[in-house]
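See below for the structure under consideration.
The values are calculated or read from the model by the stated rules, or taken from the named source; none is laboratory data. As the structure is a computational prediction, the values presented were derived from the model and not from experiment. FYI the Cβ positions are ideal-geometry reconstructions off the backbone, even for glycines, and counts take in every protein chain you see. The area values use the complete protein model at the heavy-atom level, side chains included, leaving out ligands, DNA and RNA. Shrake-Rupley method; radii C 1.70, N 1.55, O 1.52, S 1.80 Å.
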Amino acid sequence: MAYWLLKTEPDSYSWDDQVKRGAKGDAWTGVRNFRARGHLTAMKKGDLAFFYHTGDEKQVVGIVEVIREAYPDPTDADGTFVAVTVRHVKPVPKPVTLAAVKAEPKLKEMALVKYSRLSVQPVTAQEWAFVCKMGGVAGVT
């Protein structure tokens, strides 16, 4: 299993919107960056991802699971980009802010710190476990 971080502007699509989709999940569409496209293409069914609110919040607020691997993004008329389908797993009890991640020396190499503008990012198993601990999340590995 691999771990990821998916960024979204909560005014456009929030954690609450994701939860409302229920077990059927929702397509993660609209990614228009080639590096992020590569990460979406690498995702496998069962992989987990942090659901990250950008904008004023800048924090990990939930965990989602990939339930459908990469397919053509229905919002891309050119057919260049892909989407995956994710479903909510659980909220993060204590949302983990970008400031908290940056302040933690053990996370200095995390993509969220080094490539903060990238909308789809890989997360190592060690980073995943540490951020889960910071957020009070148990039993999600």
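Of all residues in region 98-135, those satisfying the criterion of being open to solvent by 40 Å² or more (accessible area, probe 1.4 Å), of a type outside the set (A, V, I, L, M) and either under 16 Å from PHE51 (Cα atoms) or assigned to a helix (DSSP H, G or I) (or both) are LYS102, PRO105, LYS106, LYS114, SER116, ARG117, PRO122, THR124, GLN126, PHE130, LYS133. Do we find a residue being open to solvent by less than 30 Å² (accessible area, probe 1.4 Å), of a type in the set (Val, Ile, Thr) and in contact with a helix residue (DSSP H, G or I) (Cβ under 8 Å, 6 or more places away or on another chain) anywhere in region 74-84? Checking region 74-84: at least one residue is open to solvent by less than 30 Å² (accessible area, probe 1.4 Å), of a type in the set (Val, Ile, Thr) and in contact with a helix residue (DSSP H, G or I) (Cβ under 8 Å, 6 or more places away or on another chain).
Among the candidates THR80, THR41, THR54, the residue that is more than 23 Å from GLU127 (Cα to Cα) and among the hydroxyl-bearing types (Ser, Thr, Tyr) is uniquely THR80.
Any chance region 98-109 includes a residue that's under 19 Å from HIS88 (Cα atoms) and in contact with a strand residue (DSSP E or B) (Cβ under 9 Å, 6 or more places away or on another chain)? No, the conditions are met nowhere in region 98-109. Residues in region 101-140 that are β-branched (Val, Ile, Thr) and either on the phi > 0 side of the Ramachandran plot or touching a residue at least 24 places away in the same chain (Cβ under 8 Å) (or both): VAL101, VAL120, VAL123, THR124, VAL131, VAL137, VAL140.
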